[in-house]
Amino acid sequence: MESSQTTTEDQRETDKFNRLAVQWWDPQGLMWPLHRLNDMRAPFVTEKIQQHFKTVSLKGLRILDIGCGAGLLAERMAKQGATVTGIDVAAKNIGIARQHAQTQGLVIDYRCGAVEALKDVGDFDVVLNMEVIEHVSDLPLFMSRTCDLTGAGGLMFLATINRTWFSWLTTIVGAEYILGWLPRGTHTWQRYVTPEEAVLSLQRGGLSVLSRTGVGMSLWSRNLFLTGNMRANYMMVATKI
């Protein structure tokens, strides 16, 4: 899978998330699934970082949150002492992220743009590549750049949705059209990425997968949980060799 473009940004996706930006920090609004997801993934990320770096704190670690939205995960990391940079193509997301961080007394380096435009930042101890690869226009270019930004011995967290009939039924037909949990058009099934494709992209970038897990949601409580089922949402933890 070779890159054929010079940008990973899909303007239609950017426009879509700019329209949703004002909803980002409302846990009862359209973004409630992301808040529930964040409640599950933030402790998962923290635990894996602590285990890998053999530390009880995130202080001193440089973390890059790619596709950071309005800062849900970036703020969780910053509150634990990490030095956080967040980047997103949606300008309204970044504006809201900056405002919200200020109200929380947090210093986060938020930048607006695509990941390939991120220059003069060096590499990072941790790269958060969460729920974004299914929205980019050039996956090989995106993965190449995100792997480059991961420092030697560092970690990348990758979260996305598998391209299966099960994921089409649950994340699009179910979540968007039947239950109305997500705005229609949030996802495009053809852009979902299989675990095999994700692993290959990581390996090409010099990373080795340490662990992987599926992510499920209870229809009754709407809480998310880790599961061995990777037919829909899944996460991977990889390290730079």
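Give the residue, chosen from Val215, Val193, Val199, that is part of a loop (DSSP other than H, G, I, E, B), closer than 25 Å to Val126 by Cβ, open to solvent by less than 40 Å² (accessible area, probe 1.4 Å) and in contact (Cβ under 8 Å) with a residue 12 or more places away in the chain.
Unique residue meeting the criteria: Val193.
When you check Thr146 against the structure, is it part of a loop (DSSP other than H, G, I, E, B) and among the β-branched types (Val, Ile, Thr), yes or no? I'd like the intermediate steps shown before the answer.
On the way: part of a loop (DSSP other than H, G, I, E, B): no; among the β-branched types (Val, Ile, Thr): yes.
Considered against the rule, which asks whether it is part of a loop (DSSP other than H, G, I, E, B) and among the β-branched types (Val, Ile, Thr), Thr146 comes out as no.
Within this structure, Ser167 passes the test of being touching a residue at least 40 places away in the same chain (Cβ under 8 Å), touching a Lys or Arg at 6+ places or on another chain (Cβ under 7 Å), in a helix (DSSP H, G or I) and open to solvent by less than 30 Å² (accessible area, probe 1.4 Å). Residue check: is Leu210 open to solvent by 30 Å² or more (accessible area, probe 1.4 Å), out of contact with any Gly (no Cβ under 9 Å at 6 or more places or on another chain) and within 25 Å of Asp39 (Cβ to Cβ)? So Leu210 fits the description; yes.
Out of all the residues in segment 218-234, which are open to solvent by 60 Å² or more (accessible area, probe 1.4 Å), touching a residue at least 40 places away in the same chain (Cβ under 8 Å) and at negative phi? Step through it out loud before you land on a result.
Looking only at segment 218-234, we keep the residues that are open to solvent by 60 Å² or more (accessible area, probe 1.4 Å), and these are 219-220, 222-223, 225-226, 228, 231.
Adding the requirement that they be touching a residue at least 40 places away in the same chain (Cβ under 8 Å) leaves 222-223, 225-226, 231.
Passing the criteria: Asn223, Phe225, Leu226, Arg231.
For every residue, the table says whether it meets (1) among the aromatic types (Phe, Trp, Tyr); (2) under 13 Å from the mean Cα position of the chain (by Cα); (3) within 30 Å of Tyr177 (Cα to Cα); (4) open to solvent by 50 Å² or more (accessible area, probe 1.4 Å).
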{"position": "Trp32", "(1), (2), (3), (4)": "yes, no, yes, no"}
{"position": "Ile49", "(1), (2), (3), (4)": "no, no, no, no"}
{"position": "Ser57", "(1), (2), (3), (4)": "no, no, no, no"}
{"position": "Ile63", "(1), (2), (3), (4)": "no, yes, no, no"}
{"position": "Gly69", "(1), (2), (3), (4)": "no, yes, yes, no"}
{"position": "Ala90", "(1), (2), (3), (4)": "no, no, yes, no"}
{"position": "Gln102", "(1), (2), (3), (4)": "no, no, no, yes"}
{"position": "Val136", "(1), (2), (3), (4)": "no, yes, yes, no"}
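The values are calculated or read from the model by the stated rules, or taken from the named source; none is laboratory data. The model shown is predicted, which means the values in this text are computed figures rather than measured ones. We place every Cβ from the backbone using ideal geometry, glycine too, and count neighbours over all the protein chains shown. Please note that ligands, DNA and RNA were not included when accessible areas were found on the heavy atoms of the full protein model with its side chains. Shrake-Rupley method; radii C 1.70, N 1.55, O 1.52, S 1.80 Å.
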